[in-house]
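S.K.: Provided herewith is a single structure, encoded as structure tokens, for subsequent inquiry.
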Amino acid sequence: MLSIHRLTAGDSYNYLLRHIASGDVDRRMATSLTAYYTASGYPAGRWMGSGLSGLGAGQLVPGSEVTEEQMAALFGRAQDPMTGHPLGRPYPTFKSPSELIEDQIRALDPGLRQSEREAEIEQIRRREMRRKTQQAVAGFDLTFSPVKSISALWATTDVGTQEQIVAAHHEAIHDVLELLEQHAAFTRTGDQGVVQLDVRGLIAAAFDHWDTRSGDPQLHTHVVVANRVQGLDGEWRTLDSRTLHRAIVAMSEIHNVLLADNLSRRLGTNWELRERGTRRNPAFEIDVIPDELIHEFSARTEQIEANLTALLDERGDQIHPPSRREMYVLRQQATLMNRPPKHLSRPLAAMMSEWRSRADRVIGSEALAAIQRSLDHSGDRSLAAADLSPETIEAYGVATVLTIQTKRATWNRWNLLAEAARQTRMLRIVSSSERFAVLESIAQCAERHSISLKAPDLVSAPVTRADGESVFTIHNGQIYTSPVILGAESLLLELARDPAGPTIPAQHSAGLSPDKVHALHRIATSGQKLEALVGPAGTGKTSLLSALTSSWEIAYGEGSVIALAPSSAAATILSDAIGMPTENIAKWIYESAGLGAEQRRGMIKQTEYAANLAHSDRRKRRHQRLTTQLAALHADHDRWNFRANQLVIVDEASMASASPRNVGVVTVSG
């Protein structure tokens, strides 16, 4: 897993230096974390990135130890950490909220009455406290965190295996940083920063940590990338963070598979996917590490999940489940809630002893020994890019588009690379270059199965970057969609213009505000086959839907309203709010037009055949029983079918898959 956080200018980097081991470690010999077994603290940071060549006349090389003075120069003052020379413009300074408030208070009209002045001051304070404080960005903390089964194996195995795991971890980080340099490291210049230019690489400081704030094993590395890059013209400018942020999800998925490749190559590990509930994607874990051990070493994760559940419960009065963006914000908030302070790190040997005792207590010494025996160092069974046939690449490319179009309406190369990494994570590839070649081939194939939404170039002969793209475009920013998405959009637009749908008088409008009465009247009487009701949370859409449901059932009878939602959780919330059964869209499609419908049709056919045989053989009781079963099967089948004059409510429609097939299930029913 790879996450990104901004590092503000000043001394915000100090959290990485606070718990570094003191001078009792010979760092020249500290080629692995085992050198820190008896030291209290983490290893010193090390410099990374090809952008180092532009600093200190080439004196700073990858692997050099990071000092506090160097961090202060680069991340505190935007200066060369070796010479102190400025790297472009100094970090901008911004006024604090209190300073902004004082400035506005001083600018108030002296002629205001005391009560008016107090009201203005209170309004100023509220406005400024709500506003996000501006801060200069000195860098970006890229945190590389292997999945928990890797940390659990590292914490409980022998020294030799530990060194192999750490080496695999460092190798994956190095390779991802190289990919970022090649595909996501740019700077901006020109009016409004419209020109995106190549740079000479990234400058980064890496810090290895091995535990969580709760004291559980969690091998991870903070790679702090400086917000200063050198252009090919030699000028120092800020990093174009747009491309970096867009690349992070893809690089996170690529990091996962690169690390799995490395460990399989070094230790012979095998991998599997494990479900983690409706709110989280399946976990990609080492197959021999049991869930009990992962659970034992996941106190911090469980605390965050409990916090997230509490935050979701607080939203109980809201009808709509959180969007993906809202869920991300809630998870970030849950992470910061009752966050324990970073403890003073103990010697690694003491922590290892404690972790092994805990593991022995949870799964037993025999299970731990069995895990160790399962590691196979005998040979590499990885594939090269050439081992995958064009037909295989084509299949993965098609699968990538089919999957991604169920999650989003448009996508770019980063989205395709991320999905390609997920699609191929069970494959083991021989090297990072071969792995990326496979992913690039799949992404290119997926682009061929997509439709480009590229606008025409505004410049007839544009200046290009090394990637061949115009400097006036954002690298990998090309947007794509698919025929399926365009077909769904066309069908929806056609339905929105079709006035041949059923209508009703809006009867149940008591208690609704004028704007809701107007919306209810519009939906009930327009006759358009498709209507959209849009409004932020808390504006009363649910009460309007409840009134619409009541009016519709008065006109067309019970069962004339079908309520659907994009997830089971959302369906439960909507059902409670409008007082009628609500189904998951996927479940409804499965039962009305999918495998569920096929299975019921088969059962109906078999029961009809058996009933006819019973009738011809004059077995009256059997015939009656089968006739009763047949009626129940038909009733169940009809329950999942749309019929004419029904109102279909799709809650949170923007979060639902809108393939023509799904829409067509409704339209063919009238």
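The values are calculated or read from the model by the stated rules, or taken from the named source; none is laboratory data. In this text, all values refer to a predicted model and were calculated from it rather than measured experimentally. Every residue, glycine as well, gets a Cβ built from its backbone with ideal geometry; the counts of neighbours run over all protein chains shown.
S.K.: For the stretch 359-383: of the residues being part of a loop (DSSP other than H, G, I, E, B) and over 13 Å from THR424 (Cα atoms), which is modelled with the highest pLDDT?
M.R.: Checking each candidate, the answer is GLY364.
S.K.: Can ARG413 be described as touching a strand residue (DSSP E or B) at 6+ places or on another chain (Cβ under 8 Å), outside the structural domain of ARG266 (by TED's automatic domain parsing) and in contact (Cβ under 8 Å) with a residue 60 or more places away in the chain? Even if it seems obvious, please write down each step before you answer.
M.R.: Working: touching a strand residue (DSSP E or B) at 6+ places or on another chain (Cβ under 8 Å): no; outside the structural domain of ARG266 (by TED's automatic domain parsing): yes; in contact (Cβ under 8 Å) with a residue 60 or more places away in the chain: yes.
So ARG413 fails the test.
S.K.: Please go through the stretch 476-505 and pick out each residue that is among the polar types (S, T, N, Q) and either closer than 30 Å to LEU180 by Cα or under 32 Å from the mean Cα position of the chain (by Cα) (or both).
M.R.: From the stretch 476-505, those among the polar types (S, T, N, Q) are 476, 478, 481-482, 490, 503; that's our starting set.
Result: ASN476, GLN478, THR481, SER482, SER490.
S.K.: What's the number of the only condition in (1) closer than 28 Å to MET71 by Cα; (2) buried (at least 20 other Cβ atoms within 10 Å of the Cβ); (3) touching a Pro at 6+ places or on another chain (Cβ under 9 Å) that SER145 fails to meet?
M.R.: Among (1) closer than 28 Å to MET71 by Cα; (2) buried (at least 20 other Cβ atoms within 10 Å of the Cβ); (3) touching a Pro at 6+ places or on another chain (Cβ under 9 Å), SER145 violates only (3).
S.K.: List the strands (runs of 3 or more DSSP E) that sit entirely inside the stretch 195-284 and contain at least 2 residues that are of a type in the set (Gly, Ala, Ser). Working first, answer last.
M.R.: On the way: elements: 195-198, 204-211, 217-226, 271-274.
Those strands (runs of 3 or more DSSP E) span 204-211.
S.K.: Moving to a separate point now. If MET129 satisfies all but one of (1) in contact (Cβ under 8 Å) with a residue 60 or more places away in the chain; (2) assigned to a helix (DSSP H, G or I), what's the number of the condition it fails?
M.R.: (1)
Conditions tested, residue by residue: (1) touching a residue at least 40 places away in the same chain (Cβ under 8 Å); (2) exposed (fewer than 14 other Cβ atoms within 10 Å of the Cβ); (3) in a helix (DSSP H, G or I); (4) out of contact with any strand residue (DSSP E or B) (no Cβ under 6 Å at 6 or more places or on another chain).
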position	(1), (2), (3), (4)
ALA421	yes, no, yes, yes
MET426	yes, yes, no, yes
GLN478	yes, no, no, yes
LEU493	no, yes, yes, yes
ASP498	no, yes, no, yes
THR503	no, no, no, yes
VAL517	no, no, yes, yes
ALA524	no, no, yes, yes
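S.K.: Separate question: So, in the stretch 40-58, exactly how many residues are modelled with pLDDT under 85 and assigned to a loop (DSSP other than H, G, I, E, B)?
M.R.: Residues of the stretch 40-58 that are modelled with pLDDT under 85, as a first pass: 40-41, 57-58.
Checking the rest, the ones that are also assigned to a loop (DSSP other than H, G, I, E, B) come to 41.
Summing the residues that are modelled with pLDDT under 85 and assigned to a loop (DSSP other than H, G, I, E, B) in the stretch 40-58 gives 1.
S.K.: On the basis of being assigned to a loop (DSSP other than H, G, I, E, B) and surrounded by 13 or more Cβ atoms within 10 Å (Cβ to Cβ), does THR549 make the cut?
M.R.: Numbers: assigned to a loop (DSSP other than H, G, I, E, B): no; surrounded by 13 or more Cβ atoms within 10 Å (Cβ to Cβ): yes.
Answer is no for this residue.
S.K.: Hey, could you check the stretch 578-620 for residues that are β-branched (Val, Ile, Thr) and assigned to a helix (DSSP H, G or I) and say which is farthest from LEU548 (Cα to Cα)?
M.R.: Applying the first criterion (β-branched (Val, Ile, Thr)) to the stretch 578-620 yields 578, 582, 585, 589, 604, 607.
Now drop any that are not assigned to a helix (DSSP H, G or I), which leaves 578, 585, 589, 604, 607.
Values: ILE578: 10, ILE585: 20, ILE589: 24, ILE604: 35, THR607: 39 Å.
So the residue we want is THR607.
S.K.: Of SER575, SER543, which residue is assigned to a helix (DSSP H, G or I) and touching a strand residue (DSSP E or B) at 6+ places or on another chain (Cβ under 8 Å)? Give the steps one after another, and end with the answer.
M.R.: Details: SER543 fails: touching a strand residue (DSSP E or B) at 6+ places or on another chain (Cβ under 8 Å).
Step by step, each of SER575, SER543 is checked, and only SER575 is assigned to a helix (DSSP H, G or I) and touching a strand residue (DSSP E or B) at 6+ places or on another chain (Cβ under 8 Å).
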